[in-house]
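Throughout, read-outs are computed from the coordinates displayed, never taken from laboratory work. Model, not experiment: these values are computed from the prediction. Every residue, glycine as well, gets a Cβ built from its backbone with ideal geometry; the counts of neighbours run over all protein chains shown.
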Amino acid sequence: MRWSLQIARLAGIPLRVHVTFLFLVAWVAYATYVQDPDLNAVGSAVLFLLAVFGLIVMHELSHSLTARLFGIGTRDITLWPIGGISRLERMPEIPAQEFLIAIAGPLLNVILALTLGAYVVLTSGWEALLVLEFGQMAFLPALVWVNAALAGFNLLPAFPMDGGRALRAFLAMFMDRVQATRLAATTGKMMAVLFGLLGLLINPFLVVIAVFVWLGATAEAAHTEMTATLSGHAVSSAMTRRLEVLRIDDSLGAAARLLTSTGQGMLPVVSEGRAAGVLSELDLLRGLASEGPRGAVADFMSRNLPVEEPSASLVGAFRSLQERGVCCVLVEEDGRLVGVLTRPGVSSFLAVASALRGQVPPAEPPELQSKLAHANEDQSDLQRWADDGGVAATSDALKRHPTGSGQAS
């Protein structure tokens, strides 16, 4: 992750700190020094802040280790000024698993709050927990309330907090996952409105939380709708079949003429029928700036792109496209390039799927209008529509290669 530094590995999971977190530490130290220019006070404030984020790390680690029980790995845990984020390799599809993963973090905070609270009561009495002025609280009693606050806040039934995911998982035990997400997202938006109103009356910071919750609920609902739409379809449904391609021994000048004449934005590079890489528009511009039109395509193309078969899961391929941050996924059949999967291609597939469900865009393109005319006759046959055009068109285009380097160089 950009702008983050790995500081440790916990249970095999990289622990990273975003650089903005360091500004938070510096700000706490400065603010404490302004109020009390005593280095002991500054050190105590910074130590308490680090202890709080230590609890956050434990919270995220409990999510990650619970996910590991179900065979789901964690890429890393990153600390931000607003908290921590654990990036799971995938989200569980079984509601019970998602529920357990979601509540694992808040449950750990509850256990820590009860354990530390019991120790404080046994050693210092109830009074030590009841002094709520922060400046007068001892270190351990303060951590008791921090754990309680972390548990309570994260259990709010609103995305992107753990409570929102737990609510969605619980509802998904009795209804479709998409419906469960919609209901959980609606609950989260209602809470966001409540936070916003309270923020206007009590504390403006609640307005920030309201915006955070509203955006989180909207994003989660959109992501789930997208995943549900892509599920059950193969890569062949959304891949781009009709392609102009480059040969690996082509020049950058040939690539420039081909790219401007086709408007593809990126050009697959083939060697003996197999995909060797992809030359994106940015790759081409960099090559032309440094080597000129006589430069070699092979020196500037992107290699080691993900490769899928036409029958592979569209959800998995799109996830690979997003997570690896590449321009496309190469689609090969029997060792030969037959197409590419791109973000615009997936977006078009999603737009058509929405239209076939009756959600017509306000200004649909002409080619979509002809399909919509027959949508009511065949609402369920999205796969046939997506495959219209045939695999043969791709292989014919690759064989013809009418505007490739043979003419342009």
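Observations
- Cα centre as origin, Lys/Arg/Asp/Glu Cβ charges: the stretch 116-250 dipole, Debye: 400 debye
- The stretch 47-122 versus the stretch 235-250: alpha-carbon centroid distance in Å: 44 Å
- Phi angles across the stretch 337-343 convert, under the Karplus curve 6.51 cos²θ - 1.76 cosθ + 1.60 with θ = phi - 60°, into 3J(HN,Hα) values of 5, 10, x, 9, 10, 10, 4 Hz, Gly and Pro given as x.
- Base-10 log of normalised Debye intensity for the stretch 287-359 (one unit scatterer per alpha-carbon) at q = 0.13, 0.19, 0.20, 0.22 Å⁻¹: -0.53, -0.86, -0.91, -0.99
- Rg/Rh ratio calculated on Cα atoms of the stretch 3-47 (Kirkwood radius): 1.16
- For residue 248, distant residues with modelled amide H under 5 Å away: 270
- Long-range amide H partners of residue 302 with built H, under 5 Å: 278, 279, 280
- Principal axis extents of the C-alpha atoms in the stretch 21-166 (largest first, rounded to whole Å): 52, 36, 23.
- Whole-number D in µm² s⁻¹ for the stretch 226-295, Kirkwood Cα-pair radius fed into Stokes-Einstein, 10 °C, 1.306 mPa s: 117 µm²/s
- Amide proton proximity set for residue 295, modelled H, under 5 Å, gap of 5+: 252, 253
- In order along the stretch 168-179, phi translates into HN-Hα couplings of 4, 5, 5, 5, 5, 6, 10, 8, 4, 4, 5, 5 Hz, rounded to whole numbers, per the Karplus curve 6.51 cos²θ - 1.76 cosθ + 1.60 with θ = phi - 60° and x for Gly and Pro.
- Phi-based couplings in Hz for the stretch 47-63 (Karplus 6.51, -1.76, 1.60; Gly and Pro marked x): 5, 5, 4, 5, 5, 4, 6, x, 5, 5, 4, 4, 4, 5, 5, 5, 4
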